[in-house]
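Participant: Structure incoming, see below.
The values are calculated or read from the model by the stated rules, or taken from the named source; none is laboratory data. Just so we're clear, the structure is a prediction, and the values are computed from it rather than from any experiment. Cβ coordinates were reconstructed from backbone atoms using ideal geometry, including for glycine residues, and neighbour counts include every protein chain displayed.
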Amino acid sequence: MGVKKVKLVPEIKGTLRSHVIEVPTCIRECSGIKIFGKRIKSLLFTTDVAIIRNTNADAIIAVYPFTPQPLITQALVMAADVPIFCGVGGGITQGKRVVNLALDAEFKGAMGVVINAPTANNIVKK
């Protein structure tokens, strides 16, 4: 195997978007995970829309310790310019509501959902 050639990537930074939350550069060396044909190497764990808009992470995982609401999912999906995985419950919020919240998140554009334990397997299968 030969020496890996380093690619020169042009970089454009503006004064208004110069303060970005950047993931470590070494993350580009990992293989990542492919979801629906999109390779994701870095996930940022946040629900803060300002951070969601100002990061170079490949995707967002947005879960929070409150009862999930479709309006919160909509705000997160609208704020994200990268794939987002939204929390839909599973702790206190159970059953058909979790399924409906998951479907709603998908309809709004979330790449996937996060469901907490102790959700039963039959709910996850739905």
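Participant: Quick test of your reading of the structure: PRO83 fulfils all but one of (1) in contact with a helix residue (DSSP H, G or I) (Cβ under 8 Å, 6 or more places away or on another chain); (2) in contact (Cβ under 8 Å) with a residue 40 or more places away in the chain; (3) not aliphatic (A, V, I, L, M). Name the failing condition by number.
Facilitator: Going through (1) in contact with a helix residue (DSSP H, G or I) (Cβ under 8 Å, 6 or more places away or on another chain); (2) in contact (Cβ under 8 Å) with a residue 40 or more places away in the chain; (3) not aliphatic (A, V, I, L, M) one by one, PRO83 breaks only (1).
Participant: Sticking with this one: For the stretch 34-52: of the residues being without any contact (Cβ under 8 Å) to a residue 12 or more places away in the chain and either in contact with a Leu (Cβ under 9 Å, 6 or more places away or on another chain) or not aliphatic (A, V, I, L, M) (or both), which is surrounded by the fewest Cβ atoms within 10 Å (Cβ to Cβ)?
Facilitator: Ranking the qualifying residues of the stretch 34-52, first place goes to GLY37.
Participant: A further question follows. I'd like the full set of residues that are in a helix (DSSP H, G or I) and under 16 Å from GLY109 (Cβ atoms), limited to the stretch 33-52.
Facilitator: If the condition is that a residue be in a helix (DSSP H, G or I) and under 16 Å from GLY109 (Cβ atoms), then VAL49, ILE52 are the ones that fit.
Participant: Next up: One residue is enough: does the stretch 34-53 have a residue meeting the conditions within 26 Å of ASN122 (Cβ to Cβ) and touching a strand residue (DSSP E or B) at 6+ places or on another chain (Cβ under 8 Å)?
Facilitator: We begin by selecting, within the stretch 34-53, every residue within 26 Å of ASN122 (Cβ to Cβ); these are 35-36.
Next, from what is left, pick out any that are touching a strand residue (DSSP E or B) at 6+ places or on another chain (Cβ under 8 Å): 35.
Among the residues of the stretch 34-53, at least one is within 26 Å of ASN122 (Cβ to Cβ) and touching a strand residue (DSSP E or B) at 6+ places or on another chain (Cβ under 8 Å), which makes the answer yes.
Participant: Considering (1) in contact (Cβ under 8 Å) with a residue 60 or more places away in the chain; (2) out of contact with any Cys (no Cβ under 9 Å at 6 or more places or on another chain), say which one VAL98 fails and leave the rest.
Facilitator: All conditions are met except number (1).
Participant: Here's another thing I want to ask about it. Being in contact (Cβ under 8 Å) with a residue 24 or more places away in the chain and among the hydroxyl-bearing types (Ser, Thr, Tyr): is that true of THR15 here?
Facilitator: no
Participant: Further, regarding this structure: Would you please name the residue that is modelled with the lowest pLDDT, looking only at residues in the stretch 53-78 that are surrounded by 20 or more Cβ atoms within 10 Å (Cβ to Cβ) and assigned to a loop (DSSP other than H, G, I, E, B)?
Facilitator: Only one residue fits best here, namely PRO68.
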